[in-house]
Amino acid sequence: MGEFRFDLCQKLTAGVVEELCRRKSGPEKLLAELRQIETEAEAFLDRNPHGDRSLIDCGAGCGSCCVVNVSTLIPEGLAIVHYLQQLDEETRSKIADKLEDLWQAVRGLDDEERMFLRRGCAFLDDQGCCSIYPVRPLLCRSITSTDAESCRQALSGQVFGEESAVIMHQFQQQLYECLFSGVAAGLEKAGLDGRSFQVSGLVRYLLGHPEVEAELLNGKRLSWQELY
Ligand code: SF4
């Protein structure tokens, strides 16, 4: 089997997203396209020999790696907000409180400082599962471990300054990273904001400012001050 063309995959993704954004088809179509990209990536990984996912040792309720900054694109943030809006009021308000609390603790921290803090993502539920799993960001999907225990040890070791590698499923990682950069490039080509933001800060902001969705899909660029 030939080498997978990540560059081509990135370019095709950018083209699809750009065209959709230029047509100004509205948030529902853009979010549906994002879902489609994710669904196709999952199906591709399932059938592609490079994607032998029997090697992956991650499981529900682990959440060890959910202590890092997750770069999230604006449509991904909007997808999370739409998903949260379907949840019951009590769950949504609990998550909103956790987001606020976490954002106050992590805003301004660099990746190393964020990890050192050992604070779990605001979307982890009481069982340690991702409460927004169907709409989790692309870069969350890119992180895997082929040995959950060594992953836990490596992450806690990094907190104490010890270097040890987390062995990941590299093909899956590269695939989701190329989709992430493809979506980002497509947004920018269509004149939208293709930059990424920390997931907790972005979703907290979008939840508190529902009116901004239309502006963002019309080319508004988020300023860091707004997020803070
Ligand atoms: S969004 Fe979900 S998968 Fe991603 S860091 Fe948060 S809890 Fe983990």
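Which ones in region 1-48 are assigned to a helix (DSSP H, G or I), of a type in the set (Lys, Arg) and under 15 Å from Gly186 (Cβ atoms)? Those that are assigned to a helix (DSSP H, G or I), of a type in the set (Lys, Arg) and under 15 Å from Gly186 (Cβ atoms): Lys11, Arg22, Lys29. For Met168, the test of being closer than 18 Å to Gly201 by Cβ, within 15 Å of the ligand (Cβ to nearest atom) and modelled with pLDDT under 90 is failed.
Considering only region 124-151, state which residues are in a helix (DSSP H, G or I) and either within 9 Å of the ligand (Cβ to nearest atom) or within 18 Å of Ile56 (Cα to Cα) (or both). Listed by number, the residues that qualify are Tyr133, Val135, Leu138, Leu139, Cys140, Arg141, Ser142, Ala148, Glu149, Ser150, Cys151. State whether the residues of region 100-122 include one that is closer than 21 Å to Cys178 by Cα, near the ligand (Cβ under 10 Å from one of its atoms) and buried (at least 20 other Cβ atoms within 10 Å of the Cβ). Looking for residues that are closer than 21 Å to Cys178 by Cα, near the ligand (Cβ under 10 Å from one of its atoms) and buried (at least 20 other Cβ atoms within 10 Å of the Cβ), one finds none in region 100-122, hence no.
Being within 23 Å of Val81 (Cα to Cα) and of a type in the set (D, E, K, R) is the filter here; which residues of region 2-34 pass it? Those that are within 23 Å of Val81 (Cα to Cα) and of a type in the set (D, E, K, R): Glu18, Arg22, Arg23, Lys24, Glu28, Lys29, Glu33. Of all residues in region 188-222, those that are polar (S, T, N, Q) and on the phi > 0 side of the Ramachandran plot total 0.
So that you can scan it fast, the table gives a plain yes or no per residue for (1) closer than 18 Å to Met168 by Cβ; (2) without any contact (Cβ under 8 Å) to a residue 60 or more places away in the chain:
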| site | (1), (2) |
| --- | --- |
| Leu12 | no, no |
| Val17 | no, no |
| Pro27 | no, no |
| Ala32 | no, yes |
| Glu40 | no, yes |
| Arg47 | no, yes |
| Ser54 | yes, yes |
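Using the structure shown, decide if Ser93 is more than 13 Å from the ligand (Cβ to nearest atom), more than 27 Å from Glu149 (Cβ to Cβ) and assigned to a helix (DSSP H, G or I). Against the criterion (more than 13 Å from the ligand (Cβ to nearest atom), more than 27 Å from Glu149 (Cβ to Cβ) and assigned to a helix (DSSP H, G or I)), Ser93 qualifies.
Of all residue pairs spaced 6 or more apart or on separate chains, those with beta-carbon atoms under 9 Å, a first member in region 129-149 that is under 16 Å from His82 (Cα atoms) and among the basic types (Lys, Arg) and a second member that is near the ligand (Cβ under 7 Å from one of its atoms) and outside any loop (DSSP other than H, G, I, E, B) are Arg136/Cys130; Arg136/Val199. Among the residues of region 65-76, those that are more than 8 Å from the chain's Cα centre (by Cα) and part of a helix (DSSP H, G or I) comprise Ile74, Pro75. Taking every residue in region 108-128 that is of a type outside the set (A, V, I, L, M) and at pLDDT below 90 and pairing it with any residue that is more than 9 Å from the ligand (Cβ to nearest atom) and not in a loop (DSSP other than H, G, I, E, B), at least 6 positions away or on another chain, the pairs with Cβ-Cβ distances below 8 Å are Phe116/Val159; Arg118/Val159.
Restricting attention to region 207-228, the residues being part of a loop (DSSP other than H, G, I, E, B) and hydrophobic (A, V, I, L, M, F, W, C) number 2. Scanning region 51-80 for residues that are more than 14 Å from the ligand (Cβ to nearest atom), surrounded by fewer than 21 Cβ atoms within 10 Å (Cβ to Cβ) and more than 23 Å from Phe6 (Cα to Cα) turns up just one, Asp57.
If only residues of region 172-206 that are aromatic (Phe, Trp, Tyr) and part of a helix (DSSP H, G or I) are counted, the one that is farthest from Trp103 (Cα to Cα) is Tyr176. In region 19-31, is there at least one residue being under 18 Å from the mean Cα position of the chain (by Cα), surrounded by fewer than 16 Cβ atoms within 10 Å (Cβ to Cβ) and not charged (D, E, K, R)? Among the residues of region 19-31, not one is under 18 Å from the mean Cα position of the chain (by Cα), surrounded by fewer than 16 Cβ atoms within 10 Å (Cβ to Cβ) and not charged (D, E, K, R), which makes the answer no.
The values are calculated or read from the model by the stated rules, or taken from the named source; none is laboratory data. The model shown is predicted, which means the values in this text are computed figures rather than measured ones. So basically every Cβ, Gly included, is an ideal-geometry build from the backbone, and we count neighbours across all protein chains shown.
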